[in-house]
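Enquirer: What follows is a single structure, and I will ask about it in a moment.
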Amino acid sequence: MTMPADVGLIGLGVMGTNLALNLADNGHRVAVFNRTCEAVDRFAASEAAKGKEIHPYHKLSDFITGIKRPAQIIIMVKPGAAVDQIIRQLTPLLAKGDIIIDAGDSFFKDTIRRTAELASSGLGFVGLGVSGGGEDARRGLSLMPGGTPENYGRIEPILLSVAAKVLGKPCCAHIGPEGAGHFVKMIHNGIEYADMQLIAETYSILKDLVNLDYPAMSEALVDWNQGELEGYLLEITAEILARRDIETGQPICEIILDAAGQKDTGFWASREFLELGLAAPSLIEAVQARSLSVAREERTAARILPGPKAKFSGDSRAFAKEIGEALYAAKIICYAQGFHAMAAGAETYGWKLDLAALATIWRGGCIIRGRFLQRIADAYRENPCLPNLLLDKYLKNLLKKSQGAIRRVAAAAIGAGVPIPVMSSALAFYDGYRSDRLPANLIQAQRDYFGGRTCKHLDKGGYFHSEWTNGKIG
């Protein structure tokens with residue numbers, strides 16, 4: 001008789017199959033189920049699954065029976081209606097104390113709702129933020145579980161076993177209650193969008209302004225990746241730029257349509273920033289840049305619009321190094337926006353987020369993993385109440401040294417008509433954040449003029465309204 005599985009997994013896409021293999025490699029017996037029997041059979045018959053404690057099921061009822069109780073069931077399906085549908089199908093088959101773990105990119109407010117709904121039935125629910133690609137699911141992910149401490153405590157051994165390890169420590173930590181795990185993953189994706197867009201913008205500057213060829217661009221990124229910018233995204237980008245299409249011999253990027261896809265997480269993060277009244281313009285710009293990219297027909301028609309011709313004169317290698325400095329400066333500013341958003345969101349929703357721990361678990365198995373995250377962890381360990389990363393002593397001094405580079409690079413790109421929405425936004429945010437006086441006083445005066453919104457007195461305090469049409473104040 002087959003022993004019951006330690007854990008069940010529903011959803012056999014790329015991430016689900018690799019996570020099932022990861023679980024099996026770490027000594028767990030795994031029951032697997034998918035809405036299509038073909039996917040179950042194909043995975044069970046694969047070379048990767050042979051000889052492992054992976055047990056396939058065609059019926060959901062048999063799948064549940066094949067898991068030891070109280071059950072721990074991971075679902076990795078498309079966020080939204082598909083998650084609710086699986087939960088509805090599972091609920092009658094489960095018993096008090098069983099735990100459902102949603103490891104997809106669900107919206108955190110849906111996770112809050114589902115947690116409350118299942119708690120009324122005595123069922124546990126954990127919203128598990130997961131970062132990493134298919135290979136990371138196989139070898140080790142960055143995991144951000146939410147939910148009650150009790151539920152987390154029960155699933156912790158399984159999560160720690162499949163998490164990435166950095167210096168022997170698992171990249172997994174209990175984030176907080178309810179939807180905290182999915183909230184943090186959402187902001188992570190907002191930061192990821194900005195990080196990717198910044199690298200794309202530097203590629204555009206190197207290619208369209210400095211006129212470097214692909215081998216030289218790849219070499220520049222390899223060089224950047226040896227220092228403070230070291231990270232997964234820069235590493236894979238250097239590889240991409242060095243790759244050529246087998247059929248045509250062209251650089252691979254030259255045959256890829258310039259329209260970037262996106263998931264809901266970037267949009268959700270942008271909407272949340274606006275709803276909370278947070279200033280995270282660079283992260284929002286990264287989402288907007290992808291939206292502009294897919295409007296390709298419209299952009300093609302707009303080529304008739306006038307613009308400058310890119311011109312560059314000087315030492316291309318020296319300027320490439322300066323572009324790397326500008327990238328790092330912009331990266332710091334973007335990450336500062338993301339971490340501030342997490343702190344503000346935690347205050348709004350009544351969570352206690354350990355920002356140092358978050359930076360630590362993102363160092364491995366995660367798309368934005370890189371050396372810079374250790375700097376962030378150090379900043380928040382030194383001062384857990386740090387209002388903004390830009391005020392950290394180390395990062396503040398680094399920006400002091402590198403702000404000249406980002407200003408020169410941004411000016412050159414803008415002057416040449418090379419679009420840099422995130423880099424320019426990051427610089428504008430930095431200048432706005434460090435300004436003692438912003439022109440918002442004029443905006444408030446305008447609001448008072450046409451709408452009687454009142455103005456707050458700078459020196460005296462309190463509010464006043466001006467009778468603008470007759471020159472009277474107060």
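A short reminder: the numbers here are calculations on the coordinates, not readings from a lab. For clarity, every value in this text was computed on a predicted model and none was experimentally measured. Note that we place each Cβ from the backbone using ideal geometry, even for glycine, and neighbour counts take in every protein chain shown.
Enquirer: Against the 2.2 N^0.38 Å scaling, with N counting residues, where does the chain land? I'd like the Cα-based Rg ratio to two decimal places.
Expert: Against the empirical 2.2 N^0.38 Å value, I get 1.10 for the chain.
Enquirer: Let me ask something else. Excluding P70 itself, what net charge comes from residues whose Cβ is under 10 Å from its Cβ, given Lys and Arg +1 and Asp and Glu -1?
Expert: +3
Enquirer: Now a separate question. Please quote Rg/Rh for the range 394-451 to two decimal places, taking the Kirkwood radius as Rh and restricting both calculations to Cα atoms.
Expert: With Rg and the Kirkwood Rh in hand, the quotient comes to 1.14.
Enquirer: Right, another one. Relative to the longest principal axis of the C-alpha atoms of the chain, give the angle of the C-alpha long axis of helix 108-119, reported between 0 and 90° and rounded to the nearest 10°.
Expert: Computed tilt is about 30 degrees.
Enquirer: For the range 251-357, state which trypsin sites (Lys or Arg not before Pro) are in a DSSP loop and have at most 15 other beta carbons lying within 10 Å of their beta carbon.
Expert: K263, K309, K311, K352
Enquirer: Now for a separate question. Starting from the Cα-Cα distance between I414 and R381, subtract it from 0.36 nm times their residue separation and give me the gain in nm to one decimal.
Expert: 8.1 nm is the gain from fully extending I414 to R381.
Enquirer: Then there is this: Please express the shape of the range 298-449 as an equivalent ellipsoid: the semi-axes are the square roots of 5 times the eigenvalues of the C-alpha gyration tensor, given largest first in whole angstrom.
Expert: 31, 23, 16
Enquirer: Taking GluC sites (Glu not before Pro) as exposed when DSSP calls them loop (any state but H, G, I, E, B) and at most 14 other Cβ atoms lie within 10 Å, what is the longest stretch of the chain free of them, the sites themselves excluded?
Expert: After excluding every exposed loop site, the longest remaining stretch is 248-474.
Enquirer: So for the pair I236, E47, with labels modelled 7 Å out along Cα→Cβ, what separation do we get in nm?
Expert: That separation, rounded to one decimal, is 2.3 nm.
Enquirer: Normalised by the empirical 2.2 N^0.38 Å for globular proteins, what value does the Cα Rg of the range 124-209 take?
Expert: This ratio for the range 124-209 stands at 1.34.
Enquirer: Any number yet on Rg/Rh for the range 36-104, C-alpha, Kirkwood?
Expert: Looking at the range 36-104, the ratio lands at 0.97.
Enquirer: Can you list the lysines whose alpha carbon is less than 22 Å from that of K109, not counting same-chain residues fewer than 8 positions off?
Expert: K78, K185, K263, K352
Enquirer: For the range 182-274, what number results from the quotient of the Cα radius of gyration and 2.2 N^0.38 Å?
Expert: The range 182-274 yields a ratio of 1.24.
Enquirer: Quick one: if you stick a label point 7 Å off each Cα along the C-beta vector at L274 and A301, how many nm between them?
Expert: Going by the 7 Å Cα→Cβ label model, 2.4 nm.
Enquirer: Let me ask something else. Restricting to Cα atoms and excluding each atom paired with itself, what does the Kirkwood estimate give for the range 65-113 in Å?
Expert: 11.5 Å
Enquirer: Around A164, under 9 Å between beta carbons, what's the net of Lys plus Arg minus Asp minus Glu among the other residues?
Expert: Every neighbour counted, the sum reads +3.
Enquirer: Could you grab the relative contact order for the chain? Cα pairs under 8 Å, six or more apart, rounded to a whole percent.
Expert: Relative CO of the chain lands at 13 percent.
Enquirer: To the nearest 0.05, how large is the calculated FRET efficiency for K309 and L438 if R₀ is 22 Å and r is the Cβ-Cβ distance?
Expert: E(calc), rounded to 0.05, equals 0.05.
Enquirer: Mind pulling the angle between the C-alpha long axis of helix 180-204 and the longest principal axis of the chain? Nearest 10 degrees, somewhere in 0 to 90.
Expert: Value to nearest ten degrees: 50.
Enquirer: Now for a separate question. Quick check: net charge around G249, other residues with Cβ under 14 Å of its Cβ, Lys/Arg +1 and Asp/Glu -1?
Expert: -2
Enquirer: Something else: Length gain on complete extension for the stretch M3 to I256, per 0.36 nm per residue less the alpha carbon to alpha carbon distance?
Expert: Fully extending the segment from M3 to I256 adds 86.2 nm.
Enquirer: Once the Cα atoms of helix 281-294 and of the chain are each reduced to a long axis, what angle between those two axes, in degrees from 0 to 90 to the nearest 10, is obtained?
Expert: Between the helix axis and the principal axis of the chain, the angle is about 80 degrees.
Enquirer: For a Förster distance of 30 Å, can you work out the FRET efficiency between the beta-carbons of E347 and S291, rounded to the nearest 0.05?
Expert: The calculated FRET efficiency here is 0.50.
Enquirer: So, one more: Which far-off residues, 5 or more places away or on another chain, put their amide H under 5 Å from the one on L141, with H placed in the peptide plane?
Expert: Counting only residues 5 or more places away or on other chains, the set is A163, A164.
Enquirer: Follow-up. Can you compute the modelled spin-label distance between D431 and H457, with each label point 7 Å from Cα toward Cβ, in nm?
Expert: With each label point 7 Å from Cα toward Cβ, the separation is 3.3 nm.
Enquirer: How do V130, V166, V14, V418 rank when sorted from fewest to most other Cβ atoms within 10 Å of their own Cβ?
Expert: V14, V166, V418, V130
Enquirer: Could you work out the percent of alpha carbon pairs in the range 1-131 separated by over 17 Å, rounded to a whole number?
Expert: 54 percent
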